[in-house]
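The values are calculated or read from the model by the stated rules, or taken from the named source; none is laboratory data. This is a predicted model, so every value here is computed, not measured. Here Cβ is always computed from backbone atoms with ideal geometry, including for glycine, and neighbour counts include all displayed protein chains. Quick note on the areas: whole protein, heavy atoms, side chains included, nothing else; ligands and nucleic acids left out. Shrake-Rupley method; radii C 1.70, N 1.55, O 1.52, S 1.80 Å.
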Amino acid sequence: MEEQLRTLAQMQKLDDKIGALRQLQNELPKELNDILANVAQAETNLNQIKGELEEINKKLRNLELDIKQHQENIKKYSQQLAEIKTNKEYKALNSEIAYLKEKISELESQELELMDEESEFKKKMEKAKAELEQAKKIQREREDELRKKIESLDSEIDNFRNERNKLAQTLPQSLVKQYAKLIKYKNNCAVAYARNGACGVCGFVIRPQVRIEIQQRNKINYCENCGRILMEKFEDL
């Protein structure tokens, strides 16, 4: 009976490894997707900033054209002043020149604001470029490794499962069925080890008689609370 208990403990150890690999099957694809998503998000952020910066530059170019046009008109009107013959026309032209100068002042103020905004967006763009490069660096370092690991998980699980099944063939069929049922319904944990007089999984206090039976290893004992196979831990496993 002790040998059967040892075999069950070995099977549980293999199922622990299988459980850990199945956990990786859930976690690694998510990690890979997060890495790829971070790169895509960083590219989106950079492109958005580039687009906003291009819009600012477009506005600046339009302002420069407007200012230049107003300056040319002022020059033209100033030359016309010498040819004006009436005070009314002289005042009207001077009024137009004054308006254009005021307009230029307003446009130059807008230009300065846009230049400040342009400077801030250039800083944002440098930061976004650095974030994208960092995201791509992580992708270069981790993507191939993660893909290879994900591809190898099925094979590793099959190897452990085959090893466990070979062990199971040495046990009575009824015991194997009970073990399989516990693995399925008890969160991949069929075997519980006694710890400080209690079940090491659920913490239920073991009765004195059952403690003696567990130590003797002459029969299969089950936790009276969680139903798992209860035994003393084998020190060499």
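Each Lys and Arg contributes +1 and each Asp and Glu -1, all at the Cβ; summed about the Cα centre of segment 1-83, the dipole is approximately 320 debye.
Between D116 and S78, the C-beta separation translates, for a Förster distance of 35 Å, into a calculated FRET efficiency of about 0.65. Within segment 104-185, all pairs of alpha-carbon atoms sorted by distance into 10 Å bins from zero give the percentages 14, 18, 14, 13, 12, 10, 8, 7, 4, 1.
Near the amide H of R228, within less than 5 Å, lie the amide hydrogens of C223, all on another chain or at least 5 residues away, with H placed in the peptide plane.
For the chain, the normalised intensity computed at q = 0.08, 0.15, 0.16 Å⁻¹ comes to -0.60, -1.02, -1.08 (log10 of I(q)/I(0), Debye sum over alpha carbons, equal scatterers, no solvent). Within a straight-line Cα-Cα reach of under 27 Å, K149 can be paired with the following lysines, leaving aside sequence neighbours fewer than 8 residues apart in one chain: K13, K17, K30, K136, K137, K166, K184.
Once the 1.4 Å probe is applied to the protein heavy atoms, segment 27-118 comes out at 71 Å² accessible per residue. Think of it as helices only: each DSSP H run of n ≥ 4 in the chain is worth -39500 (n - 2.57), and spread over all residues that comes to -29000 deg cm²/dmol at 222 nm.
Positive-end ranking of S152, Y185, L60 along the dipole of the chain, with charges on Cβ about the Cα centre, is headed by Y185. Compared with the direct C-alpha span, the chain from Q41 to E141 gains 34.2 nm at full extension, assuming 0.36 nm per residue. Here's how it looks for V201: its modeled amide H is under 5 Å from those of Y193, which are all 5 or more places away or on a different chain. Under the criterion of Cα pairs below 8 Å and six or more residues apart, the relative contact order for segment 181-237 equals 34 percent. Computed about its Cα centre, the charge dipole of the chain is approximately 1320 debye, with only Lys, Arg, Asp and Glu carrying charge at their Cβ.
Each Cα pair under 8 Å and six or more residues apart adds its separation to the average, and for segment 65-182 the resulting relative contact order is 21 percent. Phi angles across segment 5-14 convert, under the Karplus curve 6.51 cos²θ - 1.76 cosθ + 1.60 with θ = phi - 60°, into 3J(HN,Hα) values of 4, 4, 4, 4, 5, 5, 4, 5, 4, 5 Hz, Gly and Pro given as x.
Stretching the chain fully between D16 and E64 yields a gain of 10.2 nm (0.36 nm per residue, less the alpha carbon separation).
Cross-link partners for K219 among the lysines, with Cα-Cα distance under 18 Å and sequence neighbours closer than 8 places in the same chain left out: K177, K233.
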